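Heads up: the structure comes next, in structure tokens.
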């Protein structure tokens, strides 16, 4: 089982390398196709992929349960999303192995022709490999189906979505488009500046700084304010004094 946060990091790692689009490749040779982005990330995270290199196989055999996307609020960080054609629709080319009598037929006759990974839900970011280079979608568009990969741990969004303020430490910090030091730099955040942390991943954090959103190395952030459920916790001086007095009485340290 591959950790969901490590999986996400490896997806962005491959995307940051800027592979060219080529069917049947997983990013290990600077070439990749859409399902290859997912397969390559799983392999880099220490997992294995022994099944068919294809989106139709993935939708039927590698996803716990595939469901229709009603809105972006139904998505979880780390799950995969699909585009599909219905029978009779232009572009429909379902391979015979998924049709009745085929080895992978399961009653589903949709042709899943493209796959992506949910990197963020607020704002929505869907990473996918297309021609000529990796792309990040910020709206649902034609993404119609979603599901959780069986090979990925199901920590999901709740394990990484946060909301707190942090201060940049150790010098100016690069805000990047992806979780890689070779990714495009959006801007540089000055030492001591405050950012809003939106998500935590291994080694990286998704942050917002002066209206711009991107990734920074987590080790250069120092938390200064945590806001559980989006609400600040504030205690005034009188409340603190009362708490200290109560604790002192309870511990027998007063008088």
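Per-structure values
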{"quantity": "Prolate/oblate/rounded label for the stretch 4-156 (Cα gyration tensor, a/c 1.5)", "calculated": "rounded"}
{"quantity": "FRET efficiency, residue 217 to residue 53 (Cβ-Cβ, R0 35 Å, nearest 0.05)", "calculated": "0.60"}
{"quantity": "Where labels lie 7 Å past Cα in the beta-carbon direction, separation of residue 184 and residue 1 in nm", "calculated": "3.7 nm"}
{"quantity": "Three-way shape call for the stretch 98-187 based on the alpha-carbon gyration tensor, with the a/c threshold at 1.5", "calculated": "prolate"}
{"quantity": "Top of 195, 168, 52 by mean-square fluctuation, Gaussian network on the chain, Cα under 10 Å", "calculated": "52"}
{"quantity": "Efficiency of FRET from Cβ geometry, residue 97 and residue 167, R₀ 51 Å, rounded to 0.05", "calculated": "0.40"}
{"quantity": "GNM result for the chain, Cα springs below 10 Å: residue of 145, 204, 49 fluctuating most strongly", "calculated": "49"}
{"quantity": "On Cα atoms only, tilt of 237-251 relative to the major axis of the chain in degrees", "calculated": "80 degrees"}
{"quantity": "The stretch 112-135-the stretch 61-77 distance, computed between alpha-carbon centres (Å)", "calculated": "14 Å"}
{"quantity": "Tilt relative to the chain, helix 34-44 - C-alpha long axis, 0 to 90 degrees, to 10", "calculated": "50 degrees"}
{"quantity": "Angle between the chain longest axis and helix 4-16 axis [Cα atoms, degrees, rounded to 10]", "calculated": "70 degrees"}
{"quantity": "Identified option (computed Rg/Rh (Cα atoms, Kirkwood Rh); candidates [x] 1.02; [y] 0.97; [z] 1.11)", "calculated": "[z]"}
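Coordinate-derived values only; no laboratory data. On a predicted model such as this, the values are computed, not experimentally measured, just so you know. Neighbour counts run over all protein chains shown; Cβ positions are idealised from the backbone, glycine included.
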